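Reading through the structure tokens given below for one structure.
The values are calculated or read from the model by the stated rules, or taken from the named source; none is laboratory data. Predicted model, so just to flag it, every value in this text is computed and none were measured. Here the Cβ positions follow ideal geometry from the backbone for every residue, glycine too, while neighbour counts run over all protein chains shown.
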Amino acid sequence: MVTRYDVRLLHKKEVAEHTLEFTLEKPQGFEYRAGQFGDIVLPASTGLDESHNKHGFSFASAPFEDTLRMATLMRPSKFKQAAAQVPDGTVVGLLALWAASRCTRTPTSPRCSSPAASASLPCAASSRRPRTSRRATTSR
Ligand SMILES: Cc1cc2nc3c(=O)[nH]c(=O)nc-3n(C[C@H](O)[C@H](O)[C@H](O)COP(=O)(O)OP(=O)(O)OC[C@H]3O[C@@H](n4cnc5c(N)ncnc54)[C@H](O)[C@@H]3O)c2cc1C
């Protein structure tokens, strides 16, 4: 189920060239798993209309951390230009959690599907190499 939370943007930090990380308050009791994502909804004060004020980002933070972090390459899009200007402490919307990714791994399609993203995401589990059996070999 997707819930809208109002959370404070705690701070922004450049973590790589042209790449900003946004740290958000974590709502009380909010739980997620690695690989899940939410939509950041910028406030009306940015002047953006509903077709430009929302973008989905994966959580770059670990589920056990006290804050939420999301990172993105800054491009000259309306959303990102506005996001870069939003002052620390501003309350933004967080739409989460979208339906959990379901692993639909098959021998020919090792992908996870995410209905909300209408895209298939790489399945971490499937990208791991199968364990090789370590049978003891006897030399003659
Ligand atoms: C499930 C999910 C998780 C996501 N997680 C992240 C995340 O963790 N970090 C992140 O940065 N983004 C993430 N995205 C993508 C994010 O929502 C934005 O769409 C993306 O960052 C581009 O936003 P924009 O404002 O730069 O461009 P937009 O205004 O959204 O796009 C403008 C146009 O530019 C095109 N475009 C955008 N990026 C590129 C590119 N690199 N090269 C060529 N054309 C491009 C688009 O196709 C579109 O036509 C995620 C999306 C989904 C669905």
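Taking the range 31-64, which residues are more than 13 Å from the ligand (Cβ to nearest atom) and among the basic types (Lys, Arg)?
33, the sole residue that qualifies.
Please work out which one of (1) out of contact with any Ser or Thr (no Cβ under 8 Å at 6 or more places or on another chain); (2) of a type in the set (S, T, N, Q); (3) within 10 Å of the ligand (Cβ to nearest atom); (4) modelled with pLDDT under 95 is the condition residue 101 fails and give its number.
Condition not satisfied by residue 101: (1).
Please verify whether the range 32-55 includes one or more residues that are part of a strand (DSSP E or B), more than 18 Å from residue 79 (Cα to Cα), of a type in the set (Gly, Ala, Ser) and at pLDDT 95 or above.
No, that holds for no residue.
Does residue 2 satisfy the condition of being touching a strand residue (DSSP E or B) at 6+ places or on another chain (Cβ under 6 Å) and modelled with pLDDT of 95 or more?
So residue 2 does not fit the description; no.
Residue 132 passes all but one of (1) surrounded by 12 or more Cβ atoms within 10 Å (Cβ to Cβ); (2) at pLDDT below 95; which number fails?
The number of the failed condition is (1).
Going through 67, 19 one at a time, which residue ends up being polar (S, T, N, Q) and more than 10 Å from the ligand (Cβ to nearest atom)?
67
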